[in-house]
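Have a look at the structure below before the remarks.
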Amino acid sequence: MFVLDASVTMRWYFEAGSHPRADAILDRLASFADTAVVPTIWRYEVSAVLARAQSKDGASAEDASEFLDDLGYLPIQIDSDALIFEHVHGIATKFRLTTYDAAYLELARRKQLPLASLDTKLVAACRLAGVPLL
């Protein structure tokens with residue numbers, strides 16, 4: 001099990017954004033060899049990127065809908081711990097992250113799981129916090 005962030009997830013949607021690590025993580029999930037856990041904010045981040053792609057880049061609603069359906073078949077668990085708000089805020093300020101990115105770091109620390117991310121600031125914060133990376 002590992003924590004998955006939106007920077008990896010959205011590489012799967014954009015063909016031009018293909019990335020070897022992101023592709024390998026998708027293979028692990030698609031083969032059900034592993035399970036990912038995500039904070040609740042992950043859904044909103046994925047949706048925001050898709051909506052922007054539709055409005056600015058001309059991506060089709062059908063492609064976005066199909067992508068969301070495909071994500072629903074992957075072994076991705078939504079962590080909905082409602083008691084983490086203060087922890088996320090503290091992590092965001094301590095490591096100078098957005099609260100979105102801090103939510104992934106908080107989840108990885110709390111669950112003692114490695115984090116899969118392509119976000120350079122989040123990766124650096126994980127290293128400082130002693131959170132292993134996938």
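Structure above, values below:
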{"item": "Residue in the stretch 80-89 that is in contact (Cβ under 8 Å) with a residue 60 or more places away in the chain and either within 21 Å of D34 (Cβ to Cβ) or of a type in the set (K, R) (or both) present", "result": "no"}
{"item": "Contacts under 7 angstrom Cβ, first residue in the stretch 111-134 being touching a residue at least 24 places away in the same chain (Cβ under 8 Å) and closer than 20 Å to I84 by Cα, partner surrounded by fewer than 14 Cβ atoms within 10 Å (Cβ to Cβ) and of a type outside the set (G, A, S), 6 or more apart", "result": "L113/M1; P114/P132"}
{"item": "Matching helices (runs of 4 or more DSSP H) fully within the stretch 13-121 where at least 1 residues are under 17 Å from L133 (Cα atoms) and open to solvent by less than 60 Å² (accessible area, probe 1.4 Å)", "result": "20-30, 85-95, 99-111"}
{"item": "Residue match in the stretch 35-43 (condition: among the hydroxyl-bearing types (S, T, Y) and free of Cβ contacts under 8 Å to residues at least 12 places away in the same chain)", "result": "no"}
{"item": "Subset of the stretch 124-134 (residues that are at negative phi and either surrounded by fewer than 19 Cβ atoms within 10 Å (Cβ to Cβ) or part of a loop (DSSP other than H, G, I, E, B) (or both))", "result": "A124, R127, L128, A129, V131, P132, L133, L134"}
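The values are calculated or read from the model by the stated rules, or taken from the named source; none is laboratory data. Source: prediction; values computed, not measured. Note that each Cβ is placed from the backbone with ideal geometry, even for glycine, and that neighbours are counted across all protein chains shown. For the accessible areas, the whole protein counts, side chains as well, though only heavy atoms, and no ligand, DNA or RNA atoms are used. Shrake-Rupley method; radii C 1.70, N 1.55, O 1.52, S 1.80 Å.
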